[in-house]
1. Checking LEU103 against (1) on the phi < 0 side of the Ramachandran plot; (2) in contact (Cβ under 8 Å) with a residue 12 or more places away in the chain, which test does it fail?
2. Would you say SER96 is open to solvent by 70 Å² or more (accessible area, probe 1.4 Å) and under 16 Å from ILE28 (Cα atoms)?
3. Just name the residue that is least open to solvent (accessible area, probe 1.4 Å) out of those in the range 1-47 that are hydrophobic (A, V, I, L, M, F, W, C) and closer than 23 Å to SER115 by Cα.
4. Which of the following residues is aromatic (Phe, Trp, Tyr), in contact (Cβ under 8 Å) with a residue 60 or more places away in the chain and surrounded by 14 or more Cβ atoms within 10 Å (Cβ to Cβ): TYR79, TYR59?
5. Pairs only if they're at least six apart or on different chains, beta carbon under 6 angstrom, first in the range 26-40 and modelled with pLDDT of 95 or more, second open to solvent by 60 Å² or more (accessible area, probe 1.4 Å); list them, first residue then second.
6. Looking at the range 99-115 only, could you name the residues that are open to solvent by 40 Å² or more (accessible area, probe 1.4 Å) and more than 15 Å from ARG45 (Cα to Cα)?
7. Of everything in the range 66-76 that's in contact with a strand residue (DSSP E or B) (Cβ under 8 Å, 6 or more places away or on another chain) and not acidic (Asp, Glu), which residue is most open to solvent (accessible area, probe 1.4 Å)?
Amino acid sequence: QVQLVESGGGLVQPGGSLRLSCEASGSIFSSNAMGWYRQARGKQRELVATISRSSRTNYADSVKGRFTISRDGAKNTVYLQMHSLQPENTAVYYCSAGYGSILYWGQGTQVTVSS
């Protein structure tokens, strides 16, 4: 059983930045891939960014150039640095990690972009 704990969400003004963190209870290098997803109210959960075991990254088109996913193996933590945030980025952001055939999810952290 792997536990993922997100942090770093909050309220930010349009154009602002936030950095989300996801700490895993297991080694992130044992994971096939880790990622960030988000779910806005009334919408389906969608991919934001992923990072593979080989450090290959993948981003949703809507966040390319503004968001960066990274990881710190020593801390078993994956980050999502977000810049130029806009109101449409408001959502609950979830961390995910794949270990073998099992996909684990964190509890989510709320990001609200509003003036």
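1. (2)
2. Answer is no for this residue.
3. Ranking the candidates gives LEU20 first.
4. Answer to the check: TYR79.
5. Matching pairs, first to second residue: TYR37/ARG45; GLN39/ARG45.
6. Those that are open to solvent by 40 Å² or more (accessible area, probe 1.4 Å) and more than 15 Å from ARG45 (Cα to Cα): GLY100, SER101, ILE102, THR112, SER114, SER115.
7. For the range 66-76, the residue satisfying everything is LYS75.
Here's the yes/no breakdown for (1) basic (Lys, Arg); (2) farther than 15 Å from SER7 by Cβ; (3) in contact with a strand residue (DSSP E or B) (Cβ under 7 Å, 6 or more places away or on another chain):
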| site | (1), (2), (3) |
| --- | --- |
| LEU18 | no, no, yes |
| SER25 | no, no, no |
| SER62 | no, yes, no |
| LEU85 | no, yes, yes |
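The values are calculated or read from the model by the stated rules, or taken from the named source; none is laboratory data. Computed from a prediction, not measured in an experiment: that's the story for all the values here. Backbone-built Cβ (ideal geometry, glycine too); neighbour counts: all protein chains shown. Heavy atoms of the whole protein, side chains included, go into the accessibility calculation; ligands, DNA and RNA do not. Shrake-Rupley method; radii C 1.70, N 1.55, O 1.52, S 1.80 Å.
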